[in-house]
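The values are calculated or read from the model by the stated rules, or taken from the named source; none is laboratory data. Keep in mind it's a predicted model, so treat the numbers as computed, not measured. Quick reminder, even Gly has a Cβ in these numbers, built from the backbone with ideal geometry, and neighbours come from all protein chains shown. Side chains included, ligands, DNA and RNA excluded: accessible areas come from the protein's heavy atoms. Shrake-Rupley method; radii C 1.70, N 1.55, O 1.52, S 1.80 Å.
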Amino acid sequence: MKQKENQKISVLFMLYSILFCVCLITANVLETKQISLGPANMTAGLIVFPVSYIINDVVCEVWGYGRTRMLIWLGFAMNFMFVAFGAIADWIPGAPYWHGEEGFHQIFGLAPRIAGASFLAFLSGSFINAYVMSRMKLSSAGKNFSYRAVMSTVFGEFTDSIIFFPLALGGVIPWEEMPSLVITQVLIKTIYEIIVLPITIRVVKYTKLHDHEDVYDKDIAYNIFKVKDL
């Protein structure tokens with residue numbers, strides 16, 4: 001009975017999980033719009049996608065790598081479901097009186113190449129972010145959360161970008177532009193993380209006090225497929 005009690009999921013963890021999944025799905029929709037911020041061109045998904053890394057940091061800091069692993073796979077499953085149903089709806093012919101086919105296709109008609117690159121990049125970047133966060137917490141004895149949050153984001157976002165852009169856009173945009181595109185994305189997302197860091201710190205402190213949790217991942221298996229290993 002005690003073991004089952006220890007595996008209960010807190011209300012805060014459920015709320016973070018819902019927010020995590022919503023951010024991923026929202027980012028997918030916003031990715032269809034290209035925006036410009038000064039000299040930098042990027043997709044609108046940038047305004048929400050970094051939030052998923054912030055939640056990743058909070059969950060890993062409070063509940064450890066095991067819960068974060070489950071969160072990442074949950075986000076992947078919900079995102080995959082959204083994309084799959086969107087693709088099916090896009091494939092079904094529209095009603096004769098409906099004239100929104102082109103706009104609907106631009107949002108939900110993701111090319112398999114882009115969808116595959118997006119899923120692989122998300123999994124790789126998220127797990128790298130969680131792994132770095134977990135290992136740095138152990139090595140620092142739980143100190144310097146701000147530094148750990150930023151560094152894990154740098155590693156995670158770099159992994160995400162270096163996988164996504166070549167796989168999704170290689171040959172579409174000039175290869176010589178690829179390094180600057182990757183670096184720009186990583187820099188902007190890291191700056192985003194730094195700007196909201198005071199909020200992240202407050203959320204972590206509140207969550208630890210509320211749930212009385214502060215997990216250190218000692219002797220844990222970092223195998224990404226051990227979802228049941230909490």
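Are there any pairs with C-beta distances below 7 angstrom linking a residue in segment 20-41 that is under 18 Å from GLU102 (Cβ atoms) to a residue that is open to solvent by 50 Å² or more (accessible area, probe 1.4 Å), with the two at least 6 apart or on different chains, and if so which?
The qualifying pairs are VAL29/ILE107; THR32/GLN106; THR32/ILE107; GLN34/ASN41.
State which residue pairs qualify: first residue farther than 17 Å from ASN79 by Cβ and inside segment 100-117, second residue part of a helix (DSSP H, G or I) and modelled with pLDDT of 80 or more in any location, beta carbons under 7 Å apart, and separation of 6 or more residues or different chains.
PHE104/ASP90; HIS105/ASP90
Condition check: in contact (Cβ under 8 Å) with a residue 60 or more places away in the chain and among the acidic types (Asp, Glu). Does GLU61 satisfy that?
Working: in contact (Cβ under 8 Å) with a residue 60 or more places away in the chain: yes; among the acidic types (Asp, Glu): yes.
Yes.
Could you tell me whether segment 97-111 includes any residue that is out of contact with any strand residue (DSSP E or B) (no Cβ under 7 Å at 6 or more places or on another chain), among the polar types (S, T, N, Q), at pLDDT below 85 and open to solvent by 50 Å² or more (accessible area, probe 1.4 Å)?
Yes, there is a match, as at least one residue in segment 97-111 is out of contact with any strand residue (DSSP E or B) (no Cβ under 7 Å at 6 or more places or on another chain), among the polar types (S, T, N, Q), at pLDDT below 85 and open to solvent by 50 Å² or more (accessible area, probe 1.4 Å).
Return the only residue of PHE127, PHE158, PHE145 being farther than 20 Å from VAL58 by Cβ and touching a helix residue (DSSP H, G or I) at 6+ places or on another chain (Cβ under 8 Å).
It is PHE158.
Give me a count of the residues in segment 84-118 that are part of a loop (DSSP other than H, G, I, E, B) and of a type in the set (Val, Ile, Thr).
The first filter runs over segment 84-118 and keeps only residues part of a loop (DSSP other than H, G, I, E, B), leaving 92-100, 109-111.
Okay, now just the ones that are also of a type in the set (Val, Ile, Thr), so 92.
The qualifying residues number 1.
Quick test for you: out of MET136, MET178, pick the one residue that is over 23 Å from ILE72 (Cα atoms) and in contact (Cβ under 8 Å) with a residue 12 or more places away in the chain.
Working: MET136 fails: over 23 Å from ILE72 (Cα atoms).
None of the other options fit; the residue is MET178.
Tell me, which residue of segment 42-70 that is in contact with a Ser or Thr (Cβ under 6 Å, 6 or more places away or on another chain) and among the aliphatic types (A, V, I, L, M) is farthest from PHE127 (Cα to Cα)?
Within segment 42-70, the match that is farthest from PHE127 (Cα to Cα) is VAL48.
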